[in-house]
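Below is one structure, written out as structure tokens, with a few remarks after it.
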Amino acid sequence: MTAFAGVTISWPALAPILVLTGAGLLIMLVDLVSRATLRGLLYGIGILGAVGAGLTMLPLYGHSVTTLAGAFASDRFSWLFDLVLLGSLAVTLLLSSLRRAEDGGSPGAYAALLVFAAIGGMVMAGAANLMIIFLGLEQLSLALYVLAGMGYPRAASQEAALKYVLLGSLASAFLIFGSALLYGSSGGLSLDAVHAAASVPSGLFVTGLALFVVGIGFKLALAPFHSWVPDVYEGSPLAVTAFMAVAVKAASLAVLARVTYVVFGHDTSALAPLWLLAIISMLVGNVGAIRQRNLKRLLGYSSIAQVGYMVVGLAGVGPQGLSALAFYLVAYALTTLGAFAVMALLADGGEEYADLGAYPGLAARRPWPAAAMALFFFSLAGIPATAGFYGKLLLLAEGLAAGPWGLALDVTLVVGTVVSLYVYGKIVWDMYSFTEPEAVVPTGNALPSWVAVAAGALGTLVLGLAPQLFAMSQPFLSVGPR
Amino acid sequence: MLIDTVIFLPLATAIVLLAIPRTAHNALKGVALAGAVATFALSLAFINLGTSVAADQNVPWIQTLWTAAYHVRVDGVRLFFILLTTLVAAVSIWGAFSYDQPERLRGYLCLLLAFETTLLGVFTAADLLLFYIYWDLMLIPVFLLLTGFSGTAEARRAAWSYLIYNGAGGLVLLLGIVALVAHTHTFEPAATLSLPARTAWWIFAAFALAFAIKTPLFPFHAWMPPTYTFAPAPVVALVSGVQSKAGLFGLLAFALPLFPQAAHAWAPVLLILATAGILYGALAAIGEQDVKTLVGFSSLSHLGLVWLALFAFDMTSVPAGILMIVSHGLIAAALFLLLGFIEERTGTRDLARFGGLAWQAPRLAVFLLIAAMAALGLPGLSGFAGEFLILIGSWQTQPVFTALALVAIVLASVYMLKLFQGTMHGPQRLGQAAPSVRDLRPRELALVAPLLAGIVFLGVWPAWLNDRTPSQVTAAAAVTRVGGVPDSPHAAHTASAARKAAAGLQMQTARRADGMVAEAGS
Amino acid sequence: MPTSPWSIIAVYFVVALAVAGAIAVVPGIFTRKRPTKQKLEPYECGVPPTSGLEGRFPVRFYLVAMLFVIFDVETAAFYPWAVQLKALGMFGFLEMVTFIVVLGVGYAYVWKKGGLSWR
């Protein structure tokens, strides 16, 4: 604990971010001196950095610290989101290590940008101040704009980068303008100050909040702010898409949850527009996924719907709702990363298995990857004995406890899930229905992707069968001291 | 624990199969059948363990915002569902030996065994979360069996309607369960007297909808004809013979005891649907040319009768409903397996293309005759005992619906005789394609025989089953009728009196039936 | 008169709008219009505003411009720090050292990767 000009700094709370920053800088330096054959080393440093940051997080579990003059919180809530971010970083780096020279981009820049993006996400997860939120969001986004284009030999990747940067900056503009108006109406940048202004909302406050939610909605890809998702997910390199689908969602959800929780407390009546967005997202995401012929696009639409589900956890804002949201997020992260890992495994890091035409007959050719893929899809669809099922159970319970809007959310969740049974079942159907492959495609067997697949599958099953491991016996997620 | 062994032995057998090479067909068949038969043999031990609660195991599982337990139980109702499952599963797995894609036999047997475990899980679960988990897991093996192992495009399409209908039903059930747990904070089916009547009404509706889709109850049966028609015979035997009973089990074990008042409120609607289904199923079966679809519609009709029995809330009809459930399970499994044998031999299911098979395959003809006669309610076979007791019972409370249902019983003889005559009698129409149809092989004889033995046994001695039906079931019926409290002495008294009366009736029926059979024979 | 701090901004806003409006509207009232083709062009004199796509100039230009903006903005942060160095003390010094190290890594990276060479 250091005091500086009246501001106390808690080094342990910042340690994970600092460790990861060090790892990112190290990657850049090593990239300058190492040879091209040592690409694996760069990703290895990143993974070690993620593990090191995870280790520095261990002593923080269960503690609530607010540091940097209340601008940054390290509490159980941010702890869990940090864990998800570090996990997705590690898995993304594992999958990225399969990248070939002809995939484009410098491995050093690629790995370092991923690490810096994760740092941005961790800043967002702990941010308790409008300015810090924006800072983290920009760091995450800027790194991803570049990463989206890192597959530039494919034209789709260039398209993805351009679309992402244009719509992403638009979203940032909304967010910063909303933040400015919130600042203007409340006279402070900290969420506590915004909370104080929420009791007597002025027109300025409502406008600011609306713009802020629109900005976050863009980043979260809540419908109707989702139009960029399919193209960007399809065009970006496989591992980057995996990172987008998990880390960006996790960090943005952390911001949304913290803002709604701190600003509105238990009175969620003002958030009706958000519930409407969630309802639209569940329907648009699941229906949009039906006609996709590209698995990355399909998972993009699916992620729109999944975020809609997770917003249900906010409907009954409180420790239980946050707990449900967090459980579902972990389940979603495990299954989504797992699905991307299977794609990477089958094509040795290439993009061949993004095409759904490669899946018919997969079970006959590659029984274990097909079984893992089926497990992940069952989890996304909420079939019991998987993590996704218990997550849905928790979310449904939250919705039922949250009045008429909650009931509407629940019903939409059920309808959306029925539609998604078709979406995910279709791929399982393809994999198991045919004995002969319809298209001859390469099949890989690399160890890093096996590790990622196994981790995802194991996590999905363990959380599905023993959800109490998630330590929900206590009010698990407490957003730090107000 | 015996109960866990019974539930998980099929799954364990499936895992053992995975360790056996794909090509070792004889070893695969031997292990799979041994596992299934051992499961059946072990489940027989429940009969002697006592009638009220034969086995009960309760291990705390999740204790967070709500409590859930790994709670499995075998009691007088569950016993018969379990015996039906283990018997039909063993027979179906034996029937699957003639699977026409030998290189995929291992996966086929594994999925059938896994399906058996999920079915046993449903019928033993005494905790709503556990029940729901098994309930939804049933979808996966059936979906994969239909898509990956049936080999026809129609079956793959049928898999869709199966998955979407039953998945939707499952989610509605989940919503109902969550709504209940939001009040009670436990997945243990606890006393729900504090539940507001309006909430109970909605939750019961959710339960009933899910169960109606699974049974299926008219008009929620759209998934049924394609599934029953295009799935391989052993799969249909399990789906129609056992899985369709899961909905009825859910009513008996959870929905009716938990929400008696709501059940009473919903009864008129459900009775109308049940009666409509009884008539519609019979008429559709008469007009049907595909033999498997025909039997499918007859199932719709017969299981509608069970819904009528349960929602007549009569002290005779409710236990008779259980008899009918077991009876229909055996009959449907036998019919579908036999029709599967015919399809294997002739390559068709079209009634217009059959004829005169009895000359070439007399043993097949006899077996099909017994099963068809059981389905149309010939006295002395189990179908008659179930139908007769249901009609006697429900006549007391619902004479109008019962009278309408009676019409369908007459129609049953029309479509069953049409099925039998169309396939076995008349001129041979198969032509040069199948010059001679082989009679039943010893394996096929041996595997259908236990089902027919069960049909005859329950036909001549229905009281064996109903003596073991616990008083809770009849009490539930009585309570729902008088609107009282389950544990009141009045209800218990009524229940025991009802049970005696029911047992007496059955004895009479059985004797009368014996007489009629003897008369017919002379 | 309300004395909200926002009122000044409101006054500024109104004045700016009035001046801009006047410049746009007043000439239109007092002039006679004799349009010619030349007069109707967006710019009556100077470079034609549109042209073909054939003209090219190297993408390196953007790279250098961007690097300049990045390092320029970041070195701008040194000035206030240098003025207040004594007041900020040892912590402020170490903070800036960290900042310079991070910047230095980036600089080394750009240099080594050839971002500064005009090829």
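The values are calculated or read from the model by the stated rules, or taken from the named source; none is laboratory data. All values reported here derive from a predicted model rather than from experimental measurement. For neighbour counting, all protein chains shown are included, and Cβ atoms are generated from backbone atoms with ideal geometry for every residue, glycine included.
Of the set (1) assigned to a helix (DSSP H, G or I); (2) free of Cβ contacts under 8 Å to residues at least 12 places away in the same chain; (3) farther than 19 Å from B:L238 by Cα, all apply to B:R156 but (3).
In this structure, does A:I383 turn out to be of a type outside the set (S, T, N, Q) and in a helix (DSSP H, G or I)? In short, no. Of the residues making up segment B:126-165, those that are in contact with a strand residue (DSSP E or B) (Cβ under 6 Å, 6 or more places away or on another chain) and among the aliphatic types (A, V, I, L, M) number 2.
Go through the residues of segment C:73-87 one by one and say whether even a single one is within 14 Å of chain A (Cβ to nearest Cβ) and acidic (D, E). No, the conditions are met nowhere in segment C:73-87. Listed here are the helices (runs of 4 or more DSSP H) enclosed by segment A:163-246 that have at least 2 residues being modelled with pLDDT of 90 or more: A:203-220, A:229-235, A:238-243.
Take segment B:257-278 and flag every residue that is hydrophobic (A, V, I, L, M, F, W, C) and surrounded by fewer than 18 Cβ atoms within 10 Å (Cβ to Cβ).
The initial filter retains those residues of segment B:257-278 that are hydrophobic (A, V, I, L, M, F, W, C), namely B:258-259, B:262-263, B:265-267, B:269-274, B:276, B:278.
Correct list: B:A265, B:V269, B:I272, B:A276.
Scan segment C:19-66 for residues that are of a type in the set (A, V, I, L, M) and at pLDDT below 75 and the total you get is 2.
Hey, among the residues in segment A:360-380 that are touching a Leu at 6+ places or on another chain (Cβ under 7 Å) and in a helix (DSSP H, G or I), which one's farthest from the other protein chains (Cβ to nearest Cβ)?
Among residues in segment A:360-380 that are touching a Leu at 6+ places or on another chain (Cβ under 7 Å) and in a helix (DSSP H, G or I), the one farthest from the other protein chains (Cβ to nearest Cβ) is A:P369.
Screening C:I70 with (1) in contact (Cβ under 8 Å) with a residue 40 or more places away in the chain; (2) within 14 Å of chain A (Cβ to nearest Cβ) gives one miss only, at (1).
For segment A:420-442, the count of residues that are more than 11 Å from chain B (Cβ to nearest Cβ), polar (S, T, N, Q) and either out of contact with any Pro (no Cβ under 7 Å at 6 or more places or on another chain) or closer than 21 Å to A:A242 by Cβ (or both) is zero.
Against the condition surrounded by fewer than 24 Cβ atoms within 10 Å (Cβ to Cβ) and touching a Lys or Arg at 6+ places or on another chain (Cβ under 7 Å), how does A:L407 come out, does it pass? The answer is no for A:L407.
Quick one: is A:A354 under 23 Å from A:L98 (Cα atoms) and in contact with a strand residue (DSSP E or B) (Cβ under 6 Å, 6 or more places away or on another chain)? Criteria met by A:A354.
Per-residue answers, yes or no, for (1) within 14 Å of chain C (Cβ to nearest Cβ); (2) assigned to a loop (DSSP other than H, G, I, E, B):
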{"site": "A:G24", "(1), (2)": "yes, no"}
{"site": "A:L29", "(1), (2)": "yes, no"}
{"site": "A:G40", "(1), (2)": "no, no"}
{"site": "A:G49", "(1), (2)": "no, no"}
{"site": "A:H63", "(1), (2)": "no, yes"}
{"site": "A:A69", "(1), (2)": "no, yes"}
{"site": "A:G108", "(1), (2)": "yes, no"}
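Just checking, does segment B:100-110 include any residue being modelled with pLDDT of 90 or more, away from chain A (no Cβ under 12 Å) and within 25 Å of B:P450 (Cα to Cα)? The answer is yes, given that some residue of segment B:100-110 is modelled with pLDDT of 90 or more, away from chain A (no Cβ under 12 Å) and within 25 Å of B:P450 (Cα to Cα). Quick check on segment B:348-363. Is at least one of its residues part of a loop (DSSP other than H, G, I, E, B), surrounded by 23 or more Cβ atoms within 10 Å (Cβ to Cβ), of a type in the set (A, V, I, L, M, F, W, C) and touching a residue at least 60 places away in the same chain (Cβ under 8 Å)? Checked against the condition, which is being part of a loop (DSSP other than H, G, I, E, B), surrounded by 23 or more Cβ atoms within 10 Å (Cβ to Cβ), of a type in the set (A, V, I, L, M, F, W, C) and touching a residue at least 60 places away in the same chain (Cβ under 8 Å), segment B:348-363 yields at least one hit. Within segment B:135-163, restricting attention to residues that are among the small types (G, A, S) and more than 8 Å from chain A (Cβ to nearest Cβ), the residue that is surrounded by the fewest Cβ atoms within 10 Å (Cβ to Cβ) is B:A153. The single condition among (1) in a helix (DSSP H, G or I); (2) crowded, with 20+ Cβ neighbours inside 10 Å; (3) at pLDDT 85 or above that A:A73 does not satisfy is (1). Taking first residues from segment A:444-467 that are within 14 Å of chain B (Cβ to nearest Cβ) and partners that are surrounded by fewer than 17 Cβ atoms within 10 Å (Cβ to Cβ), the Cβ contacts under 9 Å between residues at least 6 apart in sequence or on separate chains come to A:V462/A:L469; A:L463/A:L469. Between B:Y70, B:Y132, the distinction of being surrounded by fewer than 18 Cβ atoms within 10 Å (Cβ to Cβ), within 14 Å of chain A (Cβ to nearest Cβ) and closer than 21 Å to A:L465 by Cα belongs to B:Y70 only. For segment B:468-477, check the following and say yes or no: at least one residue is under 22 Å from B:L303 (Cα atoms), of a type outside the set (S, T, Y) and modelled with pLDDT of 70 or more. Scanning segment B:468-477, I find at least one residue that is under 22 Å from B:L303 (Cα atoms), of a type outside the set (S, T, Y) and modelled with pLDDT of 70 or more, so the answer is yes. Quick check on segment A:266-280. Is at least one of its residues touching a residue at least 60 places away in the same chain (Cβ under 8 Å), out of contact with any Phe, Trp or Tyr (no Cβ under 9 Å at 6 or more places or on another chain) and more than 24 Å from A:A381 (Cβ to Cβ)? Looking through segment A:266-280, at least one residue is touching a residue at least 60 places away in the same chain (Cβ under 8 Å), out of contact with any Phe, Trp or Tyr (no Cβ under 9 Å at 6 or more places or on another chain) and more than 24 Å from A:A381 (Cβ to Cβ). Across segment B:166-183, the number of residues qualifying as more than 9 Å from chain A (Cβ to nearest Cβ) and without any contact (Cβ under 8 Å) to a residue 24 or more places away in the chain comes to 1. Just one of the listed residues (A:A344, A:A364, A:A371) is in contact with a helix residue (DSSP H, G or I) (Cβ under 7 Å, 6 or more places away or on another chain) and either aliphatic (A, V, I, L, M) or at pLDDT 90 or above (or both), namely A:A344.
Consider B:V88 carefully, then state whether it is part of a helix (DSSP H, G or I), touching a residue at least 60 places away in the same chain (Cβ under 8 Å) and more than 12 Å from every other protein chain (Cβ to nearest Cβ). In short, yes.
Could you tell me whether C:V110 is surrounded by 11 or more Cβ atoms within 10 Å (Cβ to Cβ), within 14 Å of chain A (Cβ to nearest Cβ), out of contact with any Pro (no Cβ under 9 Å at 6 or more places or on another chain) and among the aliphatic types (A, V, I, L, M)? Give the steps one after another, and end with the answer.
Working: surrounded by 11 or more Cβ atoms within 10 Å (Cβ to Cβ): yes; within 14 Å of chain A (Cβ to nearest Cβ): yes; out of contact with any Pro (no Cβ under 9 Å at 6 or more places or on another chain): yes; among the aliphatic types (A, V, I, L, M): yes.
When the stated conditions are applied, C:V110 passes them.
Conditions tested, residue by residue: (1) more than 9 Å from chain B (Cβ to nearest Cβ); (2) over 20 Å from the mean Cα position of the chain (by Cα); (3) within 23 Å of A:V453 (Cβ to Cβ); (4) of a type in the set (G, A, S).
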residue	(1), (2), (3), (4)
A:P384	no, yes, yes, no
A:A401	no, yes, no, yes
A:W405	yes, yes, no, no
A:L409	yes, yes, no, no
A:T412	yes, yes, no, no
